[in-house]
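**Q** So that we are looking at the same thing, I have put the structure below in structure tokens.
The values are calculated or read from the model by the stated rules, or taken from the named source; none is laboratory data. The structure presented is a predicted model; accordingly, all values stated were derived computationally and were not measured. FYI the Cβ positions are ideal-geometry reconstructions off the backbone, even for glycines, and counts take in every protein chain you see.
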Amino acid sequence: MRTIDWVDGAVEIIDQTVLPGELRRLRLSHVDGLVDAIRSLAVRGAPALGVAGAFGVALAARYPDPAPAIARLRAARPTAVNLARGVDRAAARLADGYEAVLAEALAVRDEEIESSTAQGRLGADLVTQLCGPAPRLLTHCNTGGLAAVVGGTALAVVGELYRRGALGGVVASETRPLLQGARLTAWELQRLGVPFRVAVDSAGPYLMARGDVDAVILGADRICANGDVVNKVGTYAHALGARRAGIPFLVVAPESTVDSGTPDGAAVPIEDRDPDEVLGFRGVRTVPDGVDAVNPAFDVTPADLVTAIVTDQRVIRLDKGDTLGR
């Protein structure tokens, strides 16, 4: 099952806003509908957003003037670098015509599928090397097939370890405020048959401290040139907990998420989302009237807290002095 695909001239996605209660597919034939799906998190995750960006340009290429639609698409979510990269890559073929744009977009999709397999293999090898034959892992947000096309990033590693019989279990951090861990990661792990438990985000560092977790493994929405990692808010707290507990903190993301043009995390625009996401859930308000909220969607984990970054092409051991320069 593909999270996002091109089917008969339109973009089809799994609507992640209704999971786990309903498995619904949306068919999007216009850029505005795709932009709405990106902003509402019906489609999300750095690799999937890169594919969405490229497919969106294919939709826009049929317009008399595609430029305004492409600009809206590119700006839909500013923090994840893959969205802009997917847009720019497909848009670079506009002068060659619609078929060339579509071929480029399909290539982005196919490369992300191959990338997930490679990340799973390289990451599983590293986790086994660092943690032994049956590690207990903590994840954050959702990094499975729902965040990519199939397979995923950090959950691709989890899946590979499980297939090898080399996984001790998983704690899925619930990921406030929209519960991507509790809703989406739990849904994917259950379908895979992987043994797991869900924990509130703030329990993660304590679970590490008392020895219930052997490593933290998660994804990224942007990896800066100096190794700073931008990921779902709550990641930084897990990194601090891992450092205090003396366990590995591992980031798994495709090479396309490495942004050598951004020097460090301070240079990344962090998306602030609607305060209502914090003030309630699915239409039920949980705070008193008149209360406001701050809702950063992402945070920045400094490179010196990261043990290693795994892409589809390499393993960068930041703890050993490796750098991201090629």
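**Q** Phe249 - would you say it is of a type in the set (Phe, Trp, Tyr) and modelled with pLDDT under 95?
**A** Answer is no for this residue.
**Q** Further question: Of these, Asp65, Asp36, Asp32, which one is in contact with a helix residue (DSSP H, G or I) (Cβ under 8 Å, 6 or more places away or on another chain) and not small (Gly, Ala, Ser)?
**A** Only one candidate qualifies: Asp32.
**Q** Shifting gears a bit: Answer yes or no: is there a residue in region 219-231 that is of a type in the set (D, E, K, R), assigned to a loop (DSSP other than H, G, I, E, B), buried (at least 17 other Cβ atoms within 10 Å of the Cβ) and at pLDDT 95 or above.
**A** yes
**Q** Having 2 or more residues that are in contact with a Pro (Cβ under 8 Å, 6 or more places away or on another chain) and more than 28 Å from Asp299 (Cα to Cα) is the bar; report the helices (runs of 4 or more DSSP H) wholly within region 37-114 that clear it.
**A** 46-60
**Q** May I ask you to list the residues in region 242-263 that are of a type in the set (D, E, K, R) and within 19 Å of the chain's Cα centre (by Cα)?
**A** Matches in region 242-263: Glu255, Asp259.
**Q** So in region 171-196, with the set limited to residues that are free of Cβ contacts under 8 Å to residues at least 60 places away in the same chain and among the polar types (S, T, N, Q), which one is nearest to Thr235 (Cα to Cα)?
**A** Looking at residues that are free of Cβ contacts under 8 Å to residues at least 60 places away in the same chain and among the polar types (S, T, N, Q), I get Thr175.
**Q** Then there is this: May I ask you to list the residues in region 5-37 that are within 21 Å of Gly151 (Cβ to Cβ), buried (at least 24 other Cβ atoms within 10 Å of the Cβ) and without any contact (Cβ under 8 Å) to a residue 60 or more places away in the chain?
**A** Val11, Ile13
**Q** For region 300-318, which residues satisfy the criterion of being in contact with a strand residue (DSSP E or B) (Cβ under 7 Å, 6 or more places away or on another chain) and touching a residue at least 60 places away in the same chain (Cβ under 8 Å)?
**A** Val300, Thr301, Leu305, Val306, Thr307, Ala308, Ile309, Val310, Thr311, Val315, Ile316, Leu318
**Q** Further, regarding this structure: When the residues of region 248-264 are narrowed to those that are free of Cβ contacts under 8 Å to residues at least 60 places away in the same chain and in a loop (DSSP other than H, G, I, E, B), which ends up surrounded by the fewest Cβ atoms within 10 Å (Cβ to Cβ)?
**A** Once the filter is applied, the top-ranked residue is Gly261.
**Q** OK, next. Considering each residue of region 1-46, count those that are farther than 17 Å from Gly181 by Cα and either at pLDDT 95 or above or in contact with an Asp or Glu (Cβ under 7 Å, 6 or more places away or on another chain) (or both), and give that number.
**A** 27
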